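A short worksheet on the structure shown next.
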Amino acid sequence: MSQGFADFWRTIYRNKKSFSGVIILAVFIFMAIFGPMLASLDMTVKFDNRYASPSWSHWLGTDYGGRDTLLQLVYGSRDVLTIGLFAALFTLVIGFVVGAVSGFAGGRTDTALMFVTNLFLTIPSFPVLMIVAALVQIKNPVSFSFILAVWSWAPLARAVRSQLLSLKNREFIVACRIMGLRMPYILSREILPNLTPYLAINFIMAAQGAIVASVGLMMLGLAPYSPTNWGMMIQLAVQNTGGIFNPKGYIYLISPILCLGLFQMSCIFFSNGLEEALNPRLRSN
Amino acid sequence: MNLLRSGKTWATLALAVFVAAMSGCGASSPGLAARIEAGELQGAQKPVPDDQLKFNKEKIFRVLGGWPKPPLYQGNPFGSGGIGDTNNRYMFEGLYVFIRSTNDVYNVLAESTEDGPGTTTVHLHKGVKWHDGAPFTSKDVWAYYRLNNGADVTKYLSSIETPDDYTVVFRWLDPAPYPELKKLLLAQDLQGQIPYHLYQKYVDKADGLLKQAKPLPDRSKDGPFHLDIPDELNKQIALNWNEFTRSGPAVPVGTGPFKFEKVTTTDMLLSRNPDYWQPDAVNYDKIWIKNVPELSAQYALVKSGKLDWYDGTPPKDILESLLKLNPDLLHYRMYDPASVGLMYNIRRKPFEQVKFRQALTYVFEKSKLREIGNYYGKEYPKISMTGIMPSSLESELSAEALGKMTDYTHNPEKAASLLQEIGWSKGPDGLWRDPGGHVPSFIIGAPNNWVPGVNSAQIAAEQLTRFGIPTKLKAVDSTIYFANADKGLYDMSMDWVDVSWGFQNPWSSLKVVYWDGTKKKVGFPNVKKTGADGSEIDTGRLDLKVAGIDGKTVDVDKEMRRFPYVQEESERKAIIDNLAWIANENCWGVNFFQNVTGAWINTRTMAGNYPMMDQIVQSGRDMPLPETDADRLAVTHLNHGFNSTFMPREYWPR
Amino acid sequence: MSPRGIAKRIGMSAVTVLLAMLLTFVLLRMTPGSAIDSWARDYATQRGMSLEEAYRQITAMINYNPNEPLLTQLGRYLGGLLHGNLGMSMIYQNVSVNEIIANALPWTLFVLSISLVISFLIGINLGAMMAFRRKSLLDPIVSIYAIITSSVPNFIVAILLLVVFSFQFGWFPVNGAYDPVVEPGFNLPFLSNVLYHGALPILTYVITTLGTWALTMKGSAVNVLGEDYIVAAGIRGVSERTLMSQYVKRNAMLPLITTLAVNFGFMLGGSPLIENVFSYPGMGYYIGQATQQRDYTLMQGLLLVTSVAVIVANLASDLIYARLDPRVKLEEG
């Protein structure tokens, strides 16, 4: 196991792209954990100082109320990363397990699981979220992520299932089955590595989607309004600059978008190495 | 790698295009400032003869509006969803029109008015026709009120008589509202909306039902035409109204200068009414209304000069950028009769304590709330919430009353000492603790679709938190927010305060505080009575007895009931002084800032006597709030979509 | 795949739709906020009466009795459904839900299907190429393109396109689905007008979704590339072109077909992006309107359409999938 782990890291390290991905990701995580301790964010309005250009005191300039953009991004990163990563994780786990079991087991299990999946695809989210909002107040990011994931796992489950239908009849899986290996083993040891590149992309997209969708939950009143959430920052920037109608606001508008994009890019680059680490044939290619 | 190359080209092209797009519209004709400096706009302007039209040859007035999209669209303005607020004024008229901000009343369908003892006699213009050709007569005015018997004014009337086709007599109850209020009550309705010949069935039915009701015994209760309408009858009246709203013609029928021509989901076309009774007052052949909900798309339309007139105030920098990009644009500001504000929920502890409410009020720095909520708004740091539009405080209140009002200007020391007075203390962590040693955590609620409210409430929450009272904002879906806030689910709730959307007089804004929206959000108690079975019944009537300006206890509900009938102006002034002082003193809410809204003219396509012409160049086409009455009137006319004038008659195609 | 298997699938889908419909029906009525509430607020302002008075009158007027047992309401709804009748709108009492859907659905369907097909086709081709030429510049370029288009709110893309192509160059119309001066009908001027008006909304969709398709396709294709038969084919000397189009692309796009079906169903609910920025008519406006007003009959009708679309699209993808991939056998279970 430790050998495999070292191997894995070596592959990541050798791949320039994925190594840079890891570095950026590490910076983000460092920022989320220690950022708020290193600098304090002052959200007091200083209107005359709005849309300031980047400078030594404001590295990314200021927002529509003259507050430091970078510090807001740093402060927001903890919740945003937690929400993004957890929501994506929940989505992936539920989606993969339901889809894989359904596709692999077939028969009644498949019928039942797909029935539930299809229901989740068709039930409108608005009434449910409104009902939930009336009953509970979400305070921690993990339960927040869970609610987001509830609405996003179903499409993935279907996609995974359709891959399984094809995979399970391949020689190596058939061989496993003949050898009498049990389903959890086959799914985790044989199927999962095969689907990694595909799942990785889905993970990244789910994280991104969750960050954007969290704004929607806040605006329904399901969670307290947080102006430093990156998704909310983008929304506020668009609202205050009209998107493209205020040239002074471009840097402010672009900053959270860039931050989100950078986070996504680091994930994509990292997954690039992941593909090679898990799929040795690609290395020789 | 073909793709790579094309990708780069595309990016370069996109960038070039973007830069070109943002660098102005390459105006081929001189902008407004250049025209004024060239002396083109000196003296009174006159409509441009047809053969000299250069920029709007088709004589189309292009604006924005909204309406229920087909197949939901129907022609009855009272039907579900209406026909679109802003489109009302082009097609429909009332007896009068009042000008928001001045409360001046002008004749429209009324030619003249006489006030007799207990009556108001209106002589109608002759020769006014509905869009389908039928004449507009006194019967139509009568029909309007018999059918639409929930209209405010019917509470003060005993009957409406029509001695002949062109005379309407409104008979007032005794005592009648004071003269100015009478006028405004009639002027706020659009009486030319229910053509009797189209809706006879429903009007007669409603009239018959009303005739079945007995008069009320006294003036302690209100009813249409002073009638006591039992529940069963009321139900029949409502059902008849419902039938009426469902029966409308497919297209609107009014008396106004423009007739309905066509509607799609995105566009509405109105064309000039050839039979209009004031043919000289119409300068446009068509009105083209676009339905564009997205603000940025609206800005794009404004910027590119695709609209003649636009209503709205974007954030400061967008506004300035639009003016810069299009040299033909001219922007005017005017007061909204409403303020963005916060209300304390006195049903929740510790908000029932006036000192606590006052302490929080001292914490707010209103200039910052305004800068983020709406830069162009105007804050009044001294008041909490008075029930009077802040911009008219000085004219409505006596100097004496104003002098006696508590001054709530930002003062953290004062806030701290008030908190200490009621047993609160500040911990070493900078957080305040209640007398029980507990650190509170409060929620401000705001409707999610109200941008100025959400944005300023967020700053308010931050200011309280910074002061040491942890507070969070909750932006709640607007479909449930108001019901929740009325039930008292939030510690503090956002809404328009000191507001009178109709005519702007203290009576209508005080009604909001003590009887309507503010009352529900603050949570004033109601008079309870014991029912026959011993259960408690909420009468819905305000139960608020507080110390007045002279120290004597005031029954607020009683004062409010008395108000409209007080004929003596000085006595009314005393009531206003007292009720406004009480509201400010008890600090049930905070007026963050009075809203200011804007109107845009595209001077390339629309000509006329632009208000405050001499200030256009020096203000860079971003006009300041008007100072004089004449200017205020002219600017208010620009707000034609709202309850005031039909503007296009004062402007014409260029 | 036996006819019996297909029949079973269809049966299962029907049951799903039925259950989704029931759940929607119940959930809507449990949602906080009522039709009477929002209507009474408008009504009180419009007629200048107190909220209490407005409540009483609205309760008498509205096409809905909140005290009627759920089962009775449901019975009536189902009874109407059997005749293909979704009922009348609760708020717009003269208009049937069928009529509203007939007005909205074609527009959404039109823009949606064209843009989905275009972005899917371009996306999978790009994705396959990215996987095939891992070391080329194509991969980072498309990746970055995908990152940008998925991070930039797509509404900004829409505004940019609108400002540049409609306002600056005047190449495309400003808003709407067709020119109000053109008479709707099945004729060439009208159809070309519709296509002309649909161009920018379609372009926006394609630009903003293309990257995600490409990335997902790449993820799937990388997987396929590792398969023995691909490697073997490469060794056998099968040309790159054939290898890519016949082997890699065909196999790698299979899971994406499922995603395509799901997306199709989702997007049928209308897109605020297109409908707001381009003021394009469609399902979204009516769903928004019905939700605001808690118009239960209209909401459940519109949501039924989207549920049916999701389920039918999924069913279709299952069947197509089995046909495209010989290794997949539809389970008879």
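Observations
- The selection criterion, being within 25 Å of A:T11 (Cβ to Cβ), in contact with a Leu (Cβ under 6 Å, 6 or more places away or on another chain), open to solvent by less than 10 Å² (accessible area, probe 1.4 Å) and more than 12 Å from chain B (Cβ to nearest Cβ), holds for A:S266.
- Within region C:147-172, considering residues that are at the interface with chain A (Cβ under 8 Å from one of its Cβ atoms) and outside any helix (DSSP H, G or I), the one farthest from A:V212 (Cα to Cα): C:V152
- Scanning region B:495-512 for residues that are out of contact with any Pro (no Cβ under 7 Å at 6 or more places or on another chain) and within 22 Å of B:V476 (Cβ to Cβ) yields a total of 4.
- Sole exception among (1) open to solvent by less than 10 Å² (accessible area, probe 1.4 Å); (2) in a helix (DSSP H, G or I); (3) within 11 Å of chain B (Cβ to nearest Cβ) for A:Y250, by number: (1)
- Residues of region B:95-109 classified as part of a loop (DSSP other than H, G, I, E, B), in contact with a His (Cβ under 9 Å, 6 or more places away or on another chain) and open to solvent by 20 Å² or more (accessible area, probe 1.4 Å), total: 1
- The set of residues in region A:126-163 being surrounded by 19 or more Cβ atoms within 10 Å (Cβ to Cβ) and not in a helix (DSSP H, G or I) consists of A:W151, A:S152.
- If only residues of region A:197-249 that are within 18 Å of the chain's Cα centre (by Cα) and of a type in the set (V, I, T) are counted, the one that is nearest to A:S53 (Cα to Cα) is A:I234.
- Failed item, numbered, when C:L191 is tested on (1) more than 8 Å from chain B (Cβ to nearest Cβ); (2) closer than 20 Å to B:K290 by Cα; (3) not in a loop (DSSP other than H, G, I, E, B): (2)
- Just one of (1) part of a helix (DSSP H, G or I); (2) touching a helix residue (DSSP H, G or I) at 6+ places or on another chain (Cβ under 7 Å); (3) more than 7 Å from every other protein chain (Cβ to nearest Cβ) fails for A:A112. It is (2).
- Residue that is nearest to the other protein chains (Cβ to nearest Cβ), among those in region A:233-243 that are crowded, with 23+ Cβ neighbours inside 10 Å and aliphatic (A, V, I, L, M): A:I234
- Checked across region A:270-279, the condition of being part of a helix (DSSP H, G or I), away from chain B (no Cβ under 14 Å) and free of Cβ contacts under 8 Å to residues at least 40 places away in the same chain holds for no residue.
- Which numbered condition A:A223 fails, given (1) part of a helix (DSSP H, G or I); (2) crowded, with 24+ Cβ neighbours inside 10 Å; (3) within 14 Å of chain B (Cβ to nearest Cβ): (1)
- Taken over region A:1-54, the residue count meeting the criterion of being acidic (D, E) and more than 30 Å from A:P247 (Cα to Cα) is 1.
- Against the conditions (1) out of contact with any helix residue (DSSP H, G or I) (no Cβ under 7 Å at 6 or more places or on another chain); (2) more than 11 Å from chain C (Cβ to nearest Cβ); (3) in a loop (DSSP other than H, G, I, E, B), B:G341 satisfies every one except (3).
- The condition (being in a helix (DSSP H, G or I) and open to solvent by less than 40 Å² (accessible area, probe 1.4 Å)) is satisfied by just one residue among B:T245, B:T255: B:T245.
- Applying the criterion of being open to solvent by less than 20 Å² (accessible area, probe 1.4 Å) and over 24 Å from the mean Cα position of the chain (by Cα) to the residues of region B:472-490, the residue that is nearest to the other protein chains (Cβ to nearest Cβ) is B:L473.
- Of the strands (runs of 3 or more DSSP E) lying entirely inside region B:554-654, not one contains at least 1 residues that are free of Cβ contacts under 8 Å to residues at least 12 places away in the same chain and open to solvent by less than 20 Å² (accessible area, probe 1.4 Å).
- Enumeration of residues in region C:134-146 that are at the interface with chain A (Cβ under 10 Å from one of its Cβ atoms) and either of a type outside the set (A, V, I, L, M) or open to solvent by 10 Å² or more (accessible area, probe 1.4 Å) (or both): C:R134, C:K135, C:D139, C:P140, C:S143, C:I144
- Top-ranked residue of region A:49-71 - restricted to ones that are farther than 17 Å from B:S456 by Cα and within 12 Å of chain B (Cβ to nearest Cβ), ranked as farthest from the chain's Cα centre (by Cα): A:N49
- Selection count where residues are under 29 Å from the mean Cα position of the chain (by Cα), within 13 Å of B:K573 (Cβ to Cβ) and surrounded by fewer than 18 Cβ atoms within 10 Å (Cβ to Cβ), scope region B:395-420: 3
- Under the condition of being touching a Lys or Arg at 6+ places or on another chain (Cβ under 6 Å) and part of a strand (DSSP E or B), the residues counted in region B:268-284 number 2.
- Residues located in region B:529-552, provided they are over 33 Å from the mean Cα position of the chain (by Cα) and assigned to a strand (DSSP E or B): B:K529, B:T530, B:E536, B:I537
- Within region A:87-100, residues that are in contact (Cβ under 8 Å) with a residue 12 or more places away in the chain sit with their Cβ atoms under 6 Å from residues that are among the charged types (D, E, K, R) and assigned to a helix (DSSP H, G or I), at 6+ positions apart or across chains, in these pairs: A:G99/A:R161.
- Every listed requirement among (1) modelled with pLDDT under 85; (2) touching an Asp or Glu at 6+ places or on another chain (Cβ under 6 Å) is met by B:I83 save one, (2).
- Some residue of region B:345-362 being part of a strand (DSSP E or B), over 19 Å from the mean Cα position of the chain (by Cα) and either under 25 Å from B:D434 (Cα atoms) or among the polar types (S, T, N, Q) (or both): no
- In region C:16-118, counting only helices (runs of 4 or more DSSP H) that sit wholly within it, the ones holding 3 or more residues that are more than 13 Å from chain B (Cβ to nearest Cβ) and open to solvent by 20 Å² or more (accessible area, probe 1.4 Å) span C:70-82.
- Test result for A:V74, open to solvent by less than 30 Å² (accessible area, probe 1.4 Å), closer than 21 Å to A:M232 by Cα and part of a helix (DSSP H, G or I): yes
- Index of the failed condition, C:T297 passing every other in (1) under 22 Å from C:L19 (Cα atoms); (2) within 15 Å of the chain's Cα centre (by Cα): (2)
- Residue count for region B:450-471, restricted to those that are more than 18 Å from B:R370 (Cα to Cα) and either surrounded by 21 or more Cβ atoms within 10 Å (Cβ to Cβ) or within 21 Å of the chain's Cα centre (by Cα) (or both): 3
The values are calculated or read from the model by the stated rules, or taken from the named source; none is laboratory data. A quick note: this is a predicted structure, and the numbers were derived from the prediction, not measured. Note that we place each Cβ from the backbone using ideal geometry, even for glycine, and neighbour counts take in every protein chain shown. When the accessible area is computed, the model is the full protein with side chains, heavy atoms only, and any ligands, DNA or RNA have been set aside. Shrake-Rupley method; radii C 1.70, N 1.55, O 1.52, S 1.80 Å.
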